[in-house]
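What follows is calculated from the coordinates using simple rules that are stated; it is not laboratory data. Since this is a predicted model, take the numbers as computed values, not measurements. FYI the Cβ positions are ideal-geometry reconstructions off the backbone, even for glycines, and counts take in every protein chain you see.
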Amino acid sequence: MPEAKFVLKEPNSKDSTLIYLFYNFNYKRLKYSTGEKVHPKFWNDENQRVRINKQFPLSQQINTRLDDIKSAVDIIYKDFINNKIIPTPDKLREKLDLEIKQHITKLSNGQTDLFNFIENHIKDSKHLKKPNTLKNYTSTFNHLKEYCKQYKTTLGFQDITLDFYNSFSTYLIKTQGLSNNTVGKYFKTLKSFLNEATDRGINKTFDYKKKKFKVLTEDVDKVYLSVAELDKIYKLKLKDKPHLDRVRDLFIIGCYTGLRFSDFSEIKSENIVDGNKIKIRTTKTNELVFIPMHPKIKAILKKYKNKLPEAISNQKTNDYIKDIVEEAKINNLIETSVTKGGTLTKTVTPKYDLVSTHTARRSFATNAFLNGIPSISIMKITGHRTEKSFLTYIRVTAEQNADKLLDHAFFK
């Protein structure tokens with residue numbers, strides 16, 4: 001009976017080495033390079049396969065390929081015997097080369113289907129999606145292509161399995177050194193591609209819907225500004241620095257409306273209803289929201305005669321906000337942590353350096369919550385559709401939560 005055996009070309013090598021197939025039959029031997037490489041420390045001599053190890057994410061993929069090669073050479077040998085063709089190493093090699101070439105072509109066609117679909121989907125979305133969404137689509141697609149290039153592999157719809165999930169995660173985290181939240185963002189986008197393809201009846205592989213094919217998320221330490229801190233910023237004398245004065249006023253409006261920068265920087269006189277409410281349709285979610293006007297908002301609108309100053313870029317606004325908060329002497333040190341490249345890194349940073357335009361939205365939600373406004377009422381203003389997504393904005397410590405409950409009837 002023929003015997004297939006996989007061995008390393010250089011079992012004592014300090015680097016990755018080729019895997020060979022030795023196929024023994026009728027006192028003859030075919031020596032065939034599989035084209036796959038592995039470091040000897042990941043090789044199991046007894047099983048003649050790669051050890052399944054998180055440090056080597058391609059282990060399962062290579063083992064599957066070795067299984068395919070063994071199956072192919074067994075079938076070729078049997079076909080020769082059944083057709084009364086005397087098998088020789090050269091004949092087996094020639095036929096095996098042809099089988100593998102056809103297999104690669106099939107995989108490449110699958111990748112063409114997947115990559116063509118993503119490329120066309122991005123093109124179709126250009127007039128429907130926001131620029132940031134399209135940017136994320138393109139970044140995800142580029143990472144998929146670079147992954148295939150680095151690992152010398154192909155990807156079709158049928159390859160988006162749990163093994164791929166582990167391999168692609170390792171590529172993004174270890175090779176690219178990305179944070180958990182960035183990795184999660186790319187997988188969320190990939191899932192949106194696959195959902196679209198599934199809805200259209202193109203994709204038939206559903207591992208991406210399994211629990212283990214999860215979107216990584218990490219609750220990074222984002223700050224908010226308390227009411228007392230907002231008062232310090234509001235009362236700053238900035239008349240001699242008009243560029244900071246305008247940015248400060250816009251930022252305060254954001255802190256008391258819960259709107260995103262793209263919305264609070266666009267408030268106009270026509271958004272004022274009955275002199276005490278702001279009515280605006282949000283840019284990102286197209287939600288129509290009504291917001292009671294805080295006295296500070298009324299004062300700022302009166303200052304500009306209901307016509308707020310034109311906003312500068314978000315990036316420049318963020319730079320100025322840090323200067324403003326520093327000038328307000330809000331400089332207590334904050335320890336933040338983030339997992340990047342698989343390593344948890346902790347950093348101590350002055351609070352003013354952590355403040356951005358989005359801090360306004362987070363500050364509004366947290367301050368409203370601490371002042372006893374029901375979550376559902378806050379969500380009607382912020383436009384959050386689920387309590388889970390809303391709660392990510394609430395930066396309340398355990399002690400603050402206890403203080404808030406002291407006046408509750410249950411604790412009286």
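Details
- Coarse-grained scattering of the range 3-87 at q = 0.26 Å⁻¹, given as base-10 log I(q)/I(0) from a Debye sum over alpha-carbon atoms: -1.31
- Once the Kirkwood radius over Cα pairs is known for the chain, the Stokes-Einstein relation at 10 °C and 1.306 mPa s delivers a diffusion coefficient of 60 µm²/s.
- In the calculated pair-distance distribution of the range 1-143, the portion above 23 angstrom amounts to 53 percent of the Cα-Cα pairs.
- Segment residue 188..residue 226, full-extension length gain: 10.4 nm, with 0.36 nm per residue of separation and the alpha-carbon distance subtracted.
- Taking 31 Å as the limit for the C-alpha separation, the pairs 237/351; 14/91; 346/380; 152/340; 70/191 exceed it in the case of 14/91; 346/380; 70/191.
- Partner lysines for residue 84 [C-alpha distance under 16 Å; skip if fewer than 8 residues away on the same chain]: 95
- Cross-link check: pairs 135/239; 239/296; 5/204; 123/185; 123/322; 135/232 evaluated at a Cα-Cα cut-off of 27 Å; pairs beyond the cut-off: 135/239; 5/204; 123/322; 135/232.
- If you wrap the tightest convex hull around every Cα atom of the range 227-411 and split its volume per residue, you get 153 Å³.
- Shape category assigned to the range 149-298 from the gyration tensor of Cα positions, a/c cut at 1.5: prolate
- Centroid-to-centroid, using Cα positions, the range 146-177 and the range 322-354 are 33 Å apart.
- Listed residue (336, 293, 22) projecting farthest to the positive dipole end of the chain, Cβ model: 293
- The Kirkwood hydrodynamic radius of the range 119-209, based on inverse pair distances between different Cα atoms, is 13.7 Å.
- Here residue 323 and residue 128 are evaluated by their C-beta separation; at R0 = 35 Å the FRET efficiency comes out at 0.40.
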